[in-house]
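Below is one structure, written out as structure tokens; comments come after it.
Here, each number is a calculation from the coordinates, and none is a lab measurement. This one's a predicted model, so the numbers in the text were calculated from it and none came from an experiment. Using ideal geometry, Cβ is built from the backbone for each residue, glycine included, and neighbour counts are taken over all protein chains shown.
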Amino acid sequence: MAVEIGANRLLAPYFSSSQIVWTIIIGTIMIAMALGNVWGGRAADKDPDPSRLFRRMLVAAVWIAAIPALGKYVIIGIAGLVIFTVSGNYLIWAALAACLVVFVFPLFLLGTTTPSLARYTMKNAADAGKAVGRLEAANTIGSILGTFLPTFVTIPAVGTSLTFIIFGAALLILALIWLIPEALRSKKARLYVLTAVCLVLFVVFSIFGRFDSFAFWEEDLTYEGESVYNYLQVKESPRRVSLSTNVLFGVQSVAMKDGPGLTGLYYDTALAAPLMTPGTDDLDVLILGNGTGTYAMQLRHYFPGCRIDAVEIDDRITALAYEYFGLDKNDPDIAVFDGDGRAFINSCEKSYDVIMVDAYQDITIPFSMSSAEFFTLVREHLNPGGAMVVNMNMRSGEGGINARLCDTMASVFPTVMTVDVGGSTNREVFCSADPRDEVLTRCEANVSAVTDAALSTSLRMTYTWLEDYAPTGGGIFTDDRAPVELLGMEALDLIIGDEISYYKDVYEESGISGLIDMLG
């Protein structure tokens, strides 16, 4: 179980931590364990020598310790290979291949444990039930510890790499407790050599596995770490500080070093939401998915009379916001709450003029914040004339994830307008319970009142590009049925396919040597 939890954290920075990736991890590990169960039982019947089991445990411990040191290189190599050899479902195939290569062998070896121990401890048929019951109870207790300790103790405290090493060390110690006395008793040279080699390899992997970055090709990261929910990476450039919660897909939050002005990203487009309200001088705003506070600080800068409640599920991101991104902990008009956005709005009795939903992260879209029931809750928490803005970060084709999300919003709000964010795959959706013409009239009046020249230009462009959304009839997400991750995977496939099409053409025409020459 500890390896399974660690597998998700190892793969998440590269492939996301979606339900799809979890399914691949669980399914692959269950297959490996099942095969280990079958083979282990047969091997124990053939040769009931406990030393064979503990030798397998020793090898598994070394392999698990090697995962932090070598796993990330294997994952990136497999991802690159898959992208150039398959025509779709890139992340599914890459995640599956990575699981097969990195995790199947040690879990196969560990899968031999229970049937082997059952064979060694069962004295006669009369004791079969008692022996199996005790083994299953011990197995269950171990699974409980292997589930809770990594999630709530070791990963938040010391990270994924050391978590693998810690649990690998526990396995190593169990194996050595048996094997060292056995080696001394039997004086078998092979057992001495195996034990010594595994100990040396374990130490080497433990040393090198602690210090390498998930993004090992990056230099001068300001911060890299992990929380209960995310892999976290802070980078600085001459103009801005940025937060990424994965290695391969973009930026989640930014702060401009010259102050909380325009960013050139989707936050600027989302600033049009206050224009859709009756007035911009005295706004109550709710942000679901605060990140490091980019949107909150922009609102306070351009609409100084606003009061903001910001919800962020990851308290470590909030801590980074205060440390690196300039969010003011003492600002009386920005209240940051740790927790889930849906849970917050369920229990909230306050209403708002603007509600920003920014909780969609690549293909990791929480289904509970994509359903008609959720958007109904949002509408109920809007003041008369209020507006909701939703950031969708993957453009998709007809019938794709964005169309289904917009159809869902349109089932709740009579006015739905969208605008694509230039230079990115983001799309902003603006929703109101008021008629479209009334909303646009307010936009025109409020744009005219904006005095900041750069903001005025940006808002006028957004206002000009707004498009009415016409429902496609593709289906509405509900709490009972919202296949957001499968649809998100399809959208991400389209993006990856577009990005790598040129490189695939070079590869097909000139082979790997031509691709290397082109990249060089």
The correct pair for the chain, radius of gyration to one decimal and Dmax as a whole number, both in Å and from Cα atoms, is 27.0, 90
Short to long, in 10 Å steps from zero, the percent of alpha-carbon pairs of the range 262-484 per bin is 8, 36, 40, 15, 1
Filtered pair list for the chain (Lys only, Cα < 25 Å, 8 or more apart or interchain) has a length of 10
In the chain, helical segments from DSSP H whose Cα atoms cover 27 Å or more along their own axis and that average at least 1.6 on the Kyte-Doolittle scale are 90-111, 160-186, 189-208
Percent antiparallel among DSSP beta bridges confined to the range 195-316, rounded to 5, stands at 70
Over the Cα atoms of the range 155-195 the radius of gyration and the largest Cα-Cα distance (Dmax), both in Å, equal 14.2, 43
Counting only DSSP beta bridges with both partners in the range 262-484, the antiparallel fraction in percent, to the nearest 5, comes to 45
Within the under-9-Å Cβ sphere about Y231, not counting Y231, Lys/Arg +1 and Asp/Glu -1 give a net charge of -1
Everything considered on the Cα gyration tensor (a ≥ b ≥ c; rounded for a/c under 1.5, else prolate if a/b is larger than b/c, else oblate), the range 2-208 must be described as prolate
Among GluC sites (Glu not before Pro) in the range 216-293, those in a DSSP loop whose Cβ has at most 10 other Cβ atoms within 10 Å are E219
One can check that the equivalent ellipsoid of the range 420-466, built from the alpha-carbon gyration tensor with semi-axes equal to the square roots of five times its eigenvalues, has lengths in Å, largest first, of 19, 17, 7
One would report the antiparallel percent of DSSP beta bridges in the chain, rounded to the nearest 5, as 60
If K235, K187, K257 are placed from fewest to most neighbouring beta carbons inside 10 Å, the sequence is K187, K257, K235
What the Cα atoms of the range 281-320 span along the principal axes, largest first and in whole Å, is 32, 15, 10
